[in-house]
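K.L.:
Have a look at the structure that comes next, please.
The values are calculated or read from the model by the stated rules, or taken from the named source; none is laboratory data. Since the structure is predicted, the reported quantities are computational estimates derived from the model, not experimental observations. Please note: Cβ atoms are built from the backbone with ideal geometry, for glycine as well, and neighbour counts cover all protein chains shown. Areas reflect the complete protein model, heavy atoms only, side chains present, ligands, DNA and RNA absent. Shrake-Rupley method; radii C 1.70, N 1.55, O 1.52, S 1.80 Å.
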Amino acid sequence: SPAPIVAPDGSKPGLLSRLTGRQDAPRRVLDDAFVEELEDLLVQADLGVDTALKVTANIAAGRFGRRVTTAEIKEALAAEIARIMEPVARPLPLYAKKPQVVLVVGVNGAGKTTTIGKLASQFRAAGKSVIIAAGDTFRAAAVEQLQVWGQRAGVPVMTAPEGSDPASLAFDALTRAQAEGADLLMIDTAGRLQNRADLMEELAKIVRVLRKKDPSAPHNTLLVLDATTGQNALTQVEVFRQMANVSGLIMTKLDGTARGGVLVALADRFGLPIHAIGVGEQIEDLDAFDPQDFAAALTG
Ligand code: GDP
């Protein structure tokens, strides 16, 4: 599978390229200055201070005061990152119970609509029947976009009049999904963070109403995060965890950033599963998250 992290100009970031570029000698003593330089590089690559310090300390342990090559450091770094990422690389769990209800949350622009379309297409290709509910009833443009994605994926999209109650739409959608024996119901939601209390109440009501029809719903609550927002993604996880029972993450726009390091910070801090990564705007641009590929691409 392709390396997921490519900058907009097509180049790969290569976390250690700057370090390598500045090296005259092939070997260098791993001293305090080197440790600090590594920490700075990892912070710049969006691993966040805590994770950057931890990763660097692990790399330096057993090597401090020794002469090391950049290749050795690169390999150790890739191994550290893969070790942090392996436990969170998990595909979306599919339950035997039908319909599986997937609530999709995230701020506007994160890529919810696009990701729902991509997921719907993948589930259709796997022979699953899917229904989408356009639960962001306050944004007409979002509903239209979702309808376009539904057509592309060959999946029905249930909508409600602009400004109507998303919980009522969710209820109707689950009623239909149950009646039709659908495998999967994906529910889009609003992402107006500027109105946090409203949004929290809206999400809570959707969950309450779904549970009237199925006490185990929603089976997954996916938080969609835009990887280009860097450290802000950490705040978004915190905020959405207060509003919903987030069960897993999908990171979008990893094709458009050299800052994929925030995934390491997220995995290290929250340990939430990363179910998939968005690597472009087309319907096929959703990949499983591969920790080895990711670590190799990030370290360059
Ligand atoms: P929503 O407001 O959360 O529903 O976000 P959208 O799905 O409308 O996506 C916002 C923008 O991000 C759109 O222009 C999408 O084409 C773009 N987008 C979504 N996912 C990806 C991705 O993985 N890579 C790239 N390059 N763009 C993406």
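K.L.:
Could you work out what % of the accessible surface of segment 116-156 is carbon and sulfur, using a 1.4 angstrom probe and leaving DNA, RNA and ligands out of the count? Display every interim value, and only then the final one.
P.N.:
Numbers: 840 of 1710 Å².
That fraction is 49 percent.
K.L.:
Evaluate the charge dipole of segment 170-300 about its Cα centre and quote only its size in Debye, nearest 20, assuming +1 on the Cβ of each Lys and Arg and -1 on the Cβ of each Asp and Glu. Mind dumping the intermediate values first?
P.N.:
Numbers: 12 positive and 18 negative charges, 144 e Å.
For this selection, approximately 700 debye.
K.L.:
What translational diffusion coefficient, to the nearest whole µm²/s, does segment 252-300 have by Stokes-Einstein, given a Kirkwood radius computed over alpha-carbon pairs, a temperature of 20 °C and 1.002 mPa s viscosity?
P.N.:
For these conditions, the coefficient is 188 µm²/s.
K.L.:
In deg cm²/dmol and to the nearest 500, what is the mean residue ellipticity at 222 nm of the chain if only DSSP H runs of at least 4 residues count, each as -39500 (n - 2.57), divided by the residue total?
P.N.:
Details: 11 runs with 137 residues, N = 300.
Computed ellipticity for the chain at 222 nm equals -14500 deg cm²/dmol.
K.L.:
Here is a follow-up. For all pairs of alpha-carbon atoms in segment 125-257, what percent lies in each bin of width 5 Å, listed from the first bin to the last filled one?
P.N.:
Taking all Cα pairs of segment 125-257, the binned fractions are 2, 10, 18, 22, 23, 16, 8, 2, 0 percent.
K.L.:
Output the Kirkwood hydrodynamic radius of the chain, Cα pairs only, in Å rounded to one decimal.
P.N.:
Values: mean 1/r = 0.0494 Å⁻¹.
Over the chain, the inverse of the mean reciprocal pair distance is 20.2 Å.
K.L.:
Would you calculate the convex hull of the Cα atoms in segment 139-210 and tell me its volume per residue in Å³? Walk me through the numbers before you get to the answer.
P.N.:
Working: hull volume 6.5 nm³, N = 72.
It is 90 Å³ per residue.
K.L.:
Here is a further query. Using amide H atoms built in the peptide plane, which far-off residues or other-chain residues are under 5 Å from residue 226 H to H?
P.N.:
The answer is 252.
K.L.:
Tell me the Rg and the Dmax, in Å, that the Cα atoms of segment 82-161 produce.
P.N.:
That works out to 14.1, 47 Å for Rg and Dmax.
K.L.:
Taking θ as phi - 60°, what are the ³J(HN,Hα) couplings along segment 175-180 by the Karplus curve (6.51, -1.76, 1.60), each to the nearest whole Hz, with x for Gly and Pro?
P.N.:
4, 5, 4, 5, 4, 8
K.L.:
Can you pull the percent of segment 162-300's accessible area that's carbon plus sulfur, 1.4 Å probe, other chains left in place? Don't skip to the end; give the middle numbers.
P.N.:
Details: 2400 of 5190 Å².
Percent of accessible area from carbon and sulfur atoms in segment 162-300: 46.
K.L.:
Between 0 and 90 degrees, rounded to the nearest ten: what's the tilt of helix 140-153 against the longest Cα principal axis of the chain?
P.N.:
For 140-153 against the chain, the angle is about 80 degrees.
K.L.:
Using amide H atoms built in the peptide plane, which far-off residues or other-chain residues are under 5 Å from residue 89 H to H?
P.N.:
274
K.L.:
Using a 1.4 angstrom probe, figure out how much accessible area the chain has per residue, in square angstrom, rounded to the nearest whole.
P.N.:
Working: 12810 Å² over 300 residues.
Accessible area per residue: 43 Å².
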